[in-house]
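Below you'll find the structure, written out as structure tokens, and then a few comments.
The values are calculated or read from the model by the stated rules, or taken from the named source; none is laboratory data. As the structure is a prediction and not an experimental result, all values here were calculated from the model. We place every Cβ from the backbone using ideal geometry, glycine too, and count neighbours over all the protein chains shown. Heavy atoms of the whole protein, side chains included, go into the accessibility calculation; ligands, DNA and RNA do not. Shrake-Rupley method; radii C 1.70, N 1.55, O 1.52, S 1.80 Å.
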Amino acid sequence: MSHIALVTLVVRDYDEAVAFYRDALGFELMEDTDRGDGSRWVVVRPRGAAAGTGLLLARAKDGAQEASVGAQTGGRVGFFLHTEDFAGDHARMSAAGVRFLEEPRHETYGSVAVFEDLYGNRWDLLQPAAADLP
């Protein structure tokens, strides 16, 4: 069976990106390997995510890539972080300084709130409705 393993997220700095995803969002640092050319292979994933699933944090190499940092999806929500404890994760992330762009909403599909990562990429924190859970 095929699946998407990694999605690349262009960042300004490896260490600040790792700190945000680990400390503010509660992700795990799965790999941080020096590639010997000034770049690193840095993979983070939400705690409890399936093995082999994650974000590859890639430092911008040039002006064009730097310009895309924080705008990789054209200002739309581009990432969806599912949770089984919406209220708890929302409170923990808010306390860690994550910027939510709206108050939590309770929709037919679940509880949701849009937030920005440290670069301005938009994410949904989403607890799917019980019928949508595997």
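Per residue, the accessible area of the chain comes to 57 Å² when a 1.4 Å probe rolls over the protein heavy atoms. The residues neighbouring residue 102, those whose beta-carbon lies less than 15 Å from its own, together hold a net charge of 0 under the Lys/Arg +1, Asp/Glu -1 convention. The HN-Hα couplings worked out from phi for region 23-31 by the Karplus form 6.51 cos²θ - 1.76 cosθ + 1.60 (θ = phi - 60°) are 7, 8, 9, x, 6, 9, 7, 8, 7 Hz, whole numbers, x standing for Gly and Pro. GNM remark for the chain: springs join alpha carbons under 10 Å apart, and the peak mean-square fluctuation among 89, 62, 37 falls on 37.
By DSSP, the beta bridges lying fully in the chain are antiparallel in about 65 percent of cases.
With an a/c value of 1.5 or above and a/b not larger than b/c for the gyration tensor axes a ≥ b ≥ c computed over the alpha-carbon atoms, region 70-129 is described as oblate.
For the peptides 122-130, 46-54, residues were scored by their other Cβ atoms within 10 Å and the scores averaged per peptide; the highest-first order is 122-130, 46-54. Tell me the carbon and sulfur percent of the accessible area for the chain, rounded to whole percent, probe radius 1.4 Å. Ligands and nucleic acids excluded, carbon and sulfur give 51 percent.
Near the amide H of residue 27, within less than 5 Å, lie the amide hydrogens of 22, all on another chain or at least 5 residues away, with H placed in the peptide plane.
Charge dipole of region 54-134 (Cα centre as origin; +1 on each Lys and Arg Cβ, -1 on each Asp and Glu Cβ, all else neutral): 260 debye, rounded to the nearest 20. Treating r as the C-beta distance of residue 130 and residue 5 and R0 as 25 Å, the FRET efficiency rounds to 0.30.
What does the C-alpha gyration tensor say about the overall shape of region 41-105? Classify as rounded when a/c is under 1.5, otherwise prolate if a/b is larger than b/c, or oblate. It comes out oblate by the Cα gyration axes. Given +1 at the Cβ of Lys and Arg, -1 at the Cβ of Asp and Glu and no other charges, the dipole of region 1-44 around its Cα centre is 160 debye to the nearest 20.
Please state the shape class of the chain: rounded when a/c is under 1.5, otherwise prolate if a/b exceeds b/c and oblate if not, all from the C-alpha gyration tensor. Judged from the Cα gyration tensor, the chain comes out prolate (a/c at least 1.5, a/b above b/c).
Couplings for region 39-48, taken from phi via the Karplus curve 6.51 cos²θ - 1.76 cosθ + 1.60 with θ = phi - 60°, read 9, 9, 9, 10, 10, 10, 8, x, 4, x Hz in order; Gly and Pro are left as x. Working from label points 7 Å from Cα in the Cα-to-Cβ sense, the residue 35 to residue 51 distance is 2.5 nm. Going toward the positive end of the dipole of region 2-134, with +1 on Lys and Arg Cβ and -1 on Asp and Glu Cβ, which of 30, 83, 65 do you reach last? The residue sitting farthest along the positive end of the dipole is 65. Residue separation of residue 94 and residue 109 scaled by 0.36 nm, minus their Cα-Cα distance, works out to 3.1 nm of gained length.
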